[in-house]
Amino acid sequence: GAVVSQHPSWVICKSGTSVKIECRSLDFQATTMFWYRQFPKQSLMLMATSNEGSKATYEQGVEKDKFLINHASLTLSTLTVTSAHPEDSSFYICSAIQGARGYTFGSGTRLTVV
Amino acid sequence: AQTVTQSQPEMSVQEAETVTLSCTYDTSESDYYLFWYKQPPSRQMILVIRQEAYKQQNATENRFSVNFQKAAKSFSLKISDSQLGDAAMYFCALSIGGSQGNLIFGKGTKLSVKP
């Protein structure tokens, strides 16, 4: 079946540093990937839509300069949290569309900023 | 704007019994998909079942079935013969523009299964 590999699964970083999260589609080409953020005991909120070879589309209220998304190939999309602060601590999940089969999710990244 | 509402923050069911999780949605689109996802403590999102809006027949996957009431914009999930492994957060989700648009999630229902 379709697999999206997301790394790292958890990361702790110091305030002011940047963190990169990768999502790779292992056995299919993902033209579109979505990035979600999930706070504890809450639902998934869409942050941005990433299309291969073009600029990401960000949801209202999401700072594009803080959450840099790059989708340079059909199998890789990255989310970089720049100048991270404690309020950026959250669970980040990517999801890729696999044609008519629908959505495949990565296993998520727990980010803690100290 | 599209919205998904899950009015039950928590539900509990006895092992082997049946439970129904509620979901209502709102969209003016005619082409959309509805989903139920399970999120166990590992936080991996697992597809439980999906329904195409143009199909009148309710989707079924083994012990999981839906009651899709298009006019009422209701999409409930029934879990039969509940098992301990069914304990998880369940999210109802809507995708417009076929299955290529982003997913809009409800707030989720936490299901507990009692042995």
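What follows draws every value from the coordinates through simple rules; no lab data is involved. Fair warning: this is a prediction, and the values are worked out from it, not measured in the lab. Don't worry about glycine lacking a Cβ; one is built from the backbone with ideal geometry, like all the others, and counts go over all protein chains shown.
Can you compute the charge dipole magnitude of the protein assembly as shown about its Cα centre, using +1 on each Lys and Arg Cβ and -1 on each Asp and Glu Cβ, nothing else charged? Give it in debye, rounded to the nearest 20. Let's see the in-between values first.
Values: 21 positive and 18 negative charges, 43 e Å.
So the magnitude is around 200 debye.
Hey, can you grab everything whose amide H is under 5 Å from the amide H of B:Lys107? Only 5+ residues off in sequence or another chain; H modelled, so Pro and N-termini drop out.
When sequence neighbours closer than 5 places are left aside, the close amide H contacts are B:Gln6.
For B:Ile49, what residues show an amide H to amide H distance below 5 Å, using hydrogens built from the backbone and excluding near sequence neighbours?
Placed amide hydrogens put B:Trp36 under 5 Å from B:Ile49.
Around B:Ser80, with a cut-off of 14 angstrom between Cβ atoms, what is the net charge of the other residues, counting Lys and Arg +1 and Asp and Glu -1? Can you show the working numbers first?
Numbers: positive: B:Arg63, B:Lys78; negative: B:Glu15, B:Glu17, B:Glu61, B:Asp81, B:Asp86.
My count for the surroundings of B:Ser80 gives -3.
What does the charge count around B:Phe68 come to, taking other residues whose C-beta lies under 13 Å from its C-beta (Lys +1, Arg +1, Asp -1, Glu -1)? Numbers along the way, then the final one.
Details: positive: B:Arg50, B:Lys55, B:Lys70, B:Lys73, B:Lys78; negative: B:Glu52.
Neighbour charge sum, excluding B:Phe68 itself: +4.
Residue-wise, which Karplus ³J(HN,Hα) couplings in Hz belong to the range B:101-115, taking 6.51 cos²θ - 1.76 cosθ + 1.60, θ = phi - 60°, and x for glycine or proline?
x, 6, 8, 10, 9, x, 7, x, 10, 8, 9, 10, 10, 8, x
Which whole-number percent is the relative contact order of chain B (Cα, under 8 Å, 6+ apart)? Walk me through the numbers on the way to the answer.
On the way: 284 pairs, mean separation 43.0, N = 115.
Contact order relative to length: 37 percent.
Where does the charge balance sit around B:Gly101 when Lys and Arg score +1, Asp and Glu -1, over other residues with C-beta under 14 Å from its C-beta?
Details: positive: B:Arg50; negative: A:Glu59, B:Glu29, B:Asp31, B:Glu52.
Result for the neighbourhood of B:Gly101: -3.
How long are the semi-axes of the ellipsoid equivalent to chain A, from square roots of 5 times the Cα gyration tensor eigenvalues, in whole Å, largest first?
On the way: eigenvalues 100, 42, 33 Å².
With the √(5λ) rule applied to chain A, the semi-axes are 22, 14, 13 Å.
Between B:Ala71, B:Ala87, B:Ala53, which gets the highest mean-square fluctuation from a Gaussian network model of chain B, Cα cutoff 10 Å?
The residue that fluctuates most here is B:Ala71.
Loop-only trypsin sites (Lys or Arg not before Pro) in the range A:1-105, please: DSSP not H, G, I, E or B, and at most 11 other Cβ atoms within 10 Å.
Numbers: sites: A:Lys14, A:Lys20, A:Arg24, A:Arg37, A:Lys41, A:Lys55, A:Lys64, A:Lys66, A:Arg101; in loops: A:Lys14, A:Lys41, A:Lys55, A:Lys64, A:Lys66.
Filter output for the range A:1-105: A:Lys14, A:Lys41.
Tell me, what is the percent relative contact order of chain A, built from C-alpha pairs under 8 Å that lie six or more residues apart?
About 37 percent, as a whole number.
Could you tell me which Cys residues in chain A have no other cysteine's Cβ under 4.7 Å from their own Cβ, answering none if every one has a partner?
Lone cysteines by the Cβ rule: A:Cys13.
Which one of B:Tyr33, B:Cys92, B:Ala72 has its Cα pushed farthest toward the positive end of the charge dipole of chain B, where Lys and Arg give +1 and Asp and Glu give -1 at the Cβ?
Result: B:Cys92.
Can you give the charge dipole size of the range A:1-105 about its Cα centre, rounded to the nearest 20 debye, using +1 on the beta carbon of Lys and Arg and -1 on the beta carbon of Asp and Glu? List each step's numbers first, then the result.
On the way: 9 positive and 8 negative charges, 18 e Å.
It works out to roughly 80 debye.
What's the percent breakdown of Cα-Cα distances in chain B across 10 Å bins, shortest bin first?
Bins of 10 Å from zero give 15, 50, 29, 6, 0 percent of pairs.
Quick one: Karplus J couplings for the range B:7-12, per residue in order, coefficients 6.51, -1.76, 1.60, θ = phi - 60°, nearest Hz, x for Gly and Pro?
8, 10, x, 9, 9, 9
Residue by residue through the range A:41-55, what is 3J(HN,Hα) from phi via Karplus (6.51 cos²θ - 1.76 cosθ + 1.60, θ = phi - 60°)? Round to whole Hz and write x for glycine and proline.
6, 10, 8, 7, 10, 5, 9, 6, 10, 10, 10, 4, x, 9, 6
P(r) for the protein assembly as shown: what percent of alpha-carbon pairs falls in each 5 Å bin, starting at zero?
The calculated distribution, bin by bin, is 1, 7, 14, 18, 18, 16, 13, 8, 4, 1, 0.
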